[in-house]
1. Can you tell me which residue among A:Gly140, A:Gly175, A:Gly70 is outside any loop (DSSP other than H, G, I, E, B) and closer than 21 Å to B:Met66 by Cα?
2. State whether the residues of segment B:46-53 include one that is farther than 16 Å from A:Gly152 by Cα, touching a helix residue (DSSP H, G or I) at 6+ places or on another chain (Cβ under 8 Å) and open to solvent by less than 80 Å² (accessible area, probe 1.4 Å).
3. Would a scan of segment A:31-39 turn up a residue that is closer than 30 Å to B:Lys57 by Cβ and crowded, with 20+ Cβ neighbours inside 10 Å?
4. Looking only at segment B:84-132, which residues are farther than 27 Å from A:Gln145 by Cα, touching a Lys or Arg at 6+ places or on another chain (Cβ under 8 Å), open to solvent by 40 Å² or more (accessible area, probe 1.4 Å) and not in a helix (DSSP H, G or I)?
5. If the Cβ limit is 6 Å and pairs must be 6+ apart or interchain, which residue in segment B:95-122 that is within 10 Å of another protein chain (Cβ to nearest Cβ) pairs with which residue that is in a loop (DSSP other than H, G, I, E, B) and modelled with pLDDT under 95?
6. When residues of segment A:82-104 are filtered for being within 30 Å of B:Tyr38 (Cα to Cα) and open to solvent by 40 Å² or more (accessible area, probe 1.4 Å), how many remain?
7. Could you list, in sequence order, all residues of segment A:37-67 that are of a type in the set (S, T, N, Q) and either farther than 27 Å from B:Val29 by Cβ or not in a helix (DSSP H, G or I) (or both)?
Amino acid sequence: MNVSKVGQLMASLSLTVFVVVFSWNISYADGKGIFASKNCGSCHQIQGPAAEKTFEDQQKKKGPELWYAGSKFKKEWLGEWLANPTAIRLLKYNSVTEKNTEKHPALSKKEADEVADYLMMLTAKEVPVGAVTEAVNPQGKNMFQKKYGCVGCHSIKAGAQKVGGVSGPDLSDAGKRLKGDWVYAYLKEPKVFKPVKRMPIFVSIINDNEMKTLAGFVAAQK
Amino acid sequence: MIMIRKMFLIAVFSVGILAFTGKGTAFAVSAEENYKFYCTQCHGMDGKGEGANAKPKVVGIDLPEMSVTPRNHTSPEDMNKLTDIDIENAISGGGAAVSKSTIMPPWGKTLTEAEIKDLTAYLRKLCKCKGK
């Protein structure tokens, strides 16, 4: 191979890299632009850390935080949900007495994918990537349903039926939506992700190994 | 200069650590506010044990009733069976701590001891009873 051939190869390689990075950047930038132009930020916090300190701070919020969306959600789900949103919280946000009947703003499939690209960039360093194995396991099920009573506030599938409480987000298909590593971090670092919430703090009630097993079980519900 | 910066960082860090490990709500709340925020999910707005988690159909959600009925906090018959210490233990450690259903969750890492005592007094007002 002579020098000019190598040069050509290098040039085309770097062009490819450039085009890939550039177009990905456009998609990211477009997603950010769409998020801004659709006013999504009026209901969703996209910059950490968590700011709420009192019940009132939480009650004033109009939607869940998205500043760690990239650590929390599975990307495929995110793109699909944004184009075709369905209720995740069965009760209205911040309510314990009213059913959630609100229609979440929907995006076109193209916009949804671009916004998903953007949101997936928002990650939190507190989520230990690869800590949890997502798998249905009898220990996790026992903890969820019996030992720690998660089912009192969260619905889940039990055979063909759906059972459980409604004040926490529906977890019956959490495995499509949530990353196991994030569920673990959420249990382990309650103050980082959601300092004021109706869910009890389980740190030092559930030990670290159990938390991982439980998180793996939750993130395998489909 | 570097020394001062180091000390400053250590100070910031320790305040941070304290803020993160300190249990309980970091702001002053009345027992009634705590009850409304946490307990009503299951025990209901009026304390009768008919919150949305216990009876989803009442709020229009098609899910079966909770397998155990949350205690009716307004019932003197039921609440008289418990001493104040029983109530504190149930709130702090959940059903598991008092040989009851684990659907009653543990609040000992969420609320301070003082808040749990205040809630116990609040429950006594709801049942208008003193306990055994």
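The values are calculated or read from the model by the stated rules, or taken from the named source; none is laboratory data. Quick caveat, the model's predicted, so the values are computed rather than measured. Here the Cβ positions follow ideal geometry from the backbone for every residue, glycine too, while neighbour counts run over all protein chains shown. Keep in mind that these areas ignore ligands, DNA and RNA; they rest on the heavy atoms of the full protein, side chains included. Shrake-Rupley method; radii C 1.70, N 1.55, O 1.52, S 1.80 Å.
1. A:Gly140
2. Within segment B:46-53, one or more residues are farther than 16 Å from A:Gly152 by Cα, touching a helix residue (DSSP H, G or I) at 6+ places or on another chain (Cβ under 8 Å) and open to solvent by less than 80 Å² (accessible area, probe 1.4 Å).
3. Checking segment A:31-39: not a single residue is closer than 30 Å to B:Lys57 by Cβ and crowded, with 20+ Cβ neighbours inside 10 Å.
4. Of everything in segment B:84-132, those that are farther than 27 Å from A:Gln145 by Cα, touching a Lys or Arg at 6+ places or on another chain (Cβ under 8 Å), open to solvent by 40 Å² or more (accessible area, probe 1.4 Å) and not in a helix (DSSP H, G or I) turn out to be B:Lys130, B:Lys132.
5. B:Lys109/B:Lys23; B:Leu111/B:Gly24
6. Residues meeting the conditions: 12.
7. Once the filter is applied, which keeps residues that are of a type in the set (S, T, N, Q) and either farther than 27 Å from B:Val29 by Cβ or not in a helix (DSSP H, G or I) (or both), segment A:37-67 yields A:Ser37, A:Asn39, A:Ser42, A:Gln45, A:Gln47, A:Thr54.
Residue-wise test of (1) more than 14 Å from chain B (Cβ to nearest Cβ); (2) open to solvent by less than 10 Å² (accessible area, probe 1.4 Å); (3) under 20 Å from B:Thr102 (Cβ atoms).
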site: A:Met121; (1), (2), (3): yes, no, no
site: A:Val136; (1), (2), (3): yes, no, no
site: A:Asn142; (1), (2), (3): no, no, yes
site: A:Ile156; (1), (2), (3): no, yes, yes
site: A:Gln161; (1), (2), (3): no, no, no
